[in-house]
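Engineer: The structure follows.
The values are calculated or read from the model by the stated rules, or taken from the named source; none is laboratory data. Everything numeric in this text was worked out from a predicted model, so none of it was measured. All Cβ positions, glycine included, derive from the backbone under ideal geometry; neighbour counts span all protein chains shown. In case anyone asks, the SASA skips ligands and DNA or RNA and just uses the protein heavy atoms, side chains included. Shrake-Rupley method; radii C 1.70, N 1.55, O 1.52, S 1.80 Å.
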Amino acid sequence: MHFVDRNTFADAPTAELIQLHLDEQQKWLDYKAWLNTKIPPTVGKPASKWTRDSVRNPLTDLFKNNCSYCGKYSDKNNDGEVDHFFPKELDTAASLIYTWENYVWACHSCNNKKRNHYPLINPCDTFET
């Protein structure tokens with residue numbers, strides 16, 4: 001695991017993510033409600049706006065392009081991805097989908113293996129010794 005201390009990182013795109021949350025939360029709630037009912041009309045899945053470079057670049061800086069789970073070098077042009085530590089599929093209130101503290105950097109393989117599993121050890125938790 002590749003542990004980082006989020007508290008020492010000053011370049012988080014917090015304002016942008018707050019605005020995305022305000023703009024997109026209801027779309028995610030509508031989509032989740034539709035998934036539970038499957039009653040027409042269908043609701044399209046909202047766009048993955050956390051893939052913007054303005055979000056990914058600070059995250060790759062925070063994790064130094066290393067997967068938070070396996071530690072493998074994973075840059076954004078190769079196989080690195082934004083992972084929602086608390087899975088967005090389990091986030092019934094859609095309250096963590098655009099939260100910086102819920103993002104970790106992961107290689108595609110680890111992100112795919114993790115899928116909707118929770119809880120795991122959070123690679124951003126700091127431990128006092």
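Engineer: What number, in percent, do you get for the relative contact order of the chain if the mean sequence gap of Cα pairs under 8 Å and at least 6 apart is divided by its residue count?
Structural biologist: Once normalised by length, the contact order is 34 percent.
Engineer: Further question on the same structure: For the residue pair residue 52 and residue 113, what label-to-label distance in nm results when each label sits 7 Å from Cα along the Cα-to-beta-carbon direction?
Structural biologist: 3.2 nm
Engineer: Given 105, 8, 33, which one lies farthest toward the positive end of the charge dipole of the chain, if we put +1 on the Cβ of every Lys and Arg and -1 on the Cβ of every Asp and Glu?
Structural biologist: It is 33, whose Cα lies furthest towards the positive end.
Engineer: Quick check: at a probe of 1.4 Å, how many percent of the accessible area of region 3-129 sits on carbon and sulfur atoms?
Structural biologist: About 52 percent, which is the carbon plus sulfur part of the accessible surface.
Engineer: At residue 72 and residue 30, where each label point lies 7 Å from the Cα along Cα→Cβ, what is the point-to-point distance in nanometres?
Structural biologist: About 3.8 nm, to one decimal.
Engineer: Leaving out ligands and nucleic acids, and using a 1.4 Å probe, what accessible area per residue does region 1-123 come to in Å²?
Structural biologist: 55 Å²
Engineer: Given only helices, namely DSSP H runs of n ≥ 4 each adding -39500 (n - 2.57), what is the per-residue ellipticity at 222 nm of the chain, to the nearest 500 deg cm²/dmol?
Structural biologist: The helix contribution divided over the chain gives -10500 deg cm²/dmol.
Engineer: Note the angle between two axes, namely the Cα long axis of helix 14-37 and the longest principal axis of the Cα atoms of the chain, as a number of degrees from 0 to 90, rounded to the nearest 10.
Structural biologist: Its long axis makes an angle of about 50 degrees.
Engineer: Treating the angle as unsigned and between 0 and 90°, give the value, to the nearest 10°, between the Cα long axis of helix 53-63 and the longest Cα principal axis of the chain.
Structural biologist: It is inclined by approximately 40 degrees.
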